[in-house]
Structures are given as structure tokens and as C-alpha cells.
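Below you'll find the structure, written out as C-alpha cells, and then a few comments.
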Amino acid sequence: MKQSDLSFDTSLNLFKEVFENVADIAVNLLNNDFTVLWANRTMAVNVERPLDEMIGKPCYEVWRRRSAPCPVCMLKIVSDTKRPCIMERWLDLPGKERRYAQVRAYPVFDEKGSVKHVFEILVPITKEKKDELRRMRYVESLEETLRKISGAAPSDRKTIANEGPAIVLTRREKEVLRLVAQGFSNRGIADILLISHDTVKTHLRNIFSKTGTSDRTRAAVFAVSNNII
């Protein structure tokens with residue numbers, strides 16, 4: 001396909017120069033008929049297809065091994081709305097672990113104001129997604145532990161509370177406890193809250209003392225039972 005076929009301000013050569021060797025970020029340019037006009041090397045690596053087998057073919061065929069457009073198609077969404085679209089997508093390749101990415105799709109208009117091309121940037125989030133799934137499983141295990149301890153059904157969670165004097169946690173202590181219950185390490189909590197590792201330890205000691213718990217698991221169960229997460 002000739003560069004002159006791309007009637008928008010930024011030339012294909014500039015796209016290549018800027019995005020060709022961007023590490024860890026996949027970039028592609030699509031025609032509004034789903035044809036792949038260009039993709040960088042990272043995109044080719046992610047979908048395990050040589051670049052020369054991608055250009056000029058439908059994106060759903062070369063990337064997802066489909067014979068028709070995806071049920072949720074970002075190109076169609078952007079073409080219909082004429083607005084950028086950000087969405088979490090995943091890719092399943094034969095014999096491979098599912099890969100996740102945040103996809104940012106931007107419209108490129110022709111002289112009549114119609115969407116002629118769609119420019120996509122894919123940021124990998126597989127590691128973050130795995131961490132999120134682990135935290136969800138951890139919270140689910142805490143809820144199961146809570147149900148076994150209390151004998152209460154999931155719908156009764158809000159009725160479970162300490163019968164003694166009200167326990168008052170500071171805003172920061174609640175933030176720390178919430179992150180503990182979600183499975184974050186002390187270092188992870190420190191990074192998220194922008195506080196020191198020692199400060200996290202101090203908050204945990206205060207939380208253990210106020211809640212009458214002695215470890216992270218019991219503190220997490222307390223957080224679940226008191227609707228802190």
C-alpha cells in the first residue's frame with residue numbers, strides 16, 4: 001500500500017520512525033475495513049505472526065485467527081462514535097497463556113470528517129491482571145473462611161460485627177487494612193500509599209492492637225467481616 005493512500009497529517013513514515021522499536025508497547029494502524037495498514041515489531045511478536053503476513057489482511061484474521069470481526073470490535077466502536085475508545089482486551093493463542101492488554105484506539109478522519117483509519121496502542125497488563133486475579137481469589141478465600149467461622153450466609157455479612165466497644169481505625173489504617181485484605185505485601189502497600197516501609201509496619205501494629213488480631217490473615221478476615229474492603 002502506498003503512503004499516498006494514507007490521507008491524514010502524520011505520514012506512515014513518521015509512524016514507523018516513532019513507534020517501530022518502542023519496547024513493550026504494541027502499535028498498529030487499521031483501515032476502516034479492518035485491513036492492517038501497519039504494525040510495529042512488538043505487535044508482531046505479541047500475536048506471533050511475521051509482519052509481512054499481517055499487512056493488507058483483516059485484523060481479526062491475523063491477530064485472533066477469526067473468520068469474521070470480533071463481537072466487540074473497537075474499530076467499529078471508534079468508527080461509529082468518532083471518539084477515542086479505551087478498553088481491556090485479551091488474546092488467546094493456541095497452546096499459550098491468555099495475554100491481557102489495555103487498548104487505546106484513536107480515530108483518524110478523512111477530509112469529509114468520516115473515520116478512515118484507527119490507530120491503536122496496546123499496553124500489556126498481563127502481570128497486573130494476574131495480580132488482580134490472585135487478590136480476588138484471596139478475598140474469596142477470606143470470605144469463605146469468614147462464613148465457616150461465623151456460620152453466616154454471604155448475604156448476612158453486614159450483620160457480622162464485634163459486640164465489644166466500637167473499634168475506631170484512622171483513615172490511613174483503614175487504607176492499609178484494605179490493601180492487606182486484598183493481598184498486597186508491606187512493600188506494595190508502601191508503594192501504593194507513598195509511605196515508608198516502617199510506616200506500614202507501624203500502622204499494622206496499631207491495626208493488630210485495635211482489632212485484637214495477631215496476623216495479616218486474621219486482620220483481613222476482620223476487614224471482610226466489617227465491610228472495610
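Could you give the nm distance between label points at S185 and E140, where each point is 7 Å from its Cα heading toward the beta carbon?
2.4
Using alpha-carbon pairs under 8 Å, 6+ residues apart, how would you state the relative contact order of region 3-124 in percent? It would help to have the intermediate numbers written out before the result.
Details: 215 pairs, mean separation 29.7, N = 122.
Here the relative contact order equals 24 percent.
Starting with the highest mean, order 127-134, 56-63, 175-182, 92-99 by the number of other Cβ atoms within 10 Å, averaged over the residues of each peptide.
Per-residue mean Cβ counts within 10 Å order the peptides as 175-182, 56-63, 127-134, 92-99.
In nm, to one decimal, how far is the I77 label point from the D131 one, both placed 7 Å along Cα→Cβ?
2.4
Over region 65-112, calculate the relative contact order: mean separation of alpha carbon pairs under 8 Å at least 6 apart, over the residue count, as a percent.
34
Set the Förster distance to 35 Å, then compute FRET efficiency between E61 and I86 from the Cβ-Cβ distance, nearest 0.05.
My answer for the efficiency is 0.90.
No value in this document is a laboratory result; all are computed from the given coordinates. Just so it is clear, the structure is predicted and the values come from calculations on it, not from any experiment. All Cβ positions, even for glycine, are placed from backbone atoms using ideal geometry, and neighbour counts span all protein chains on display.
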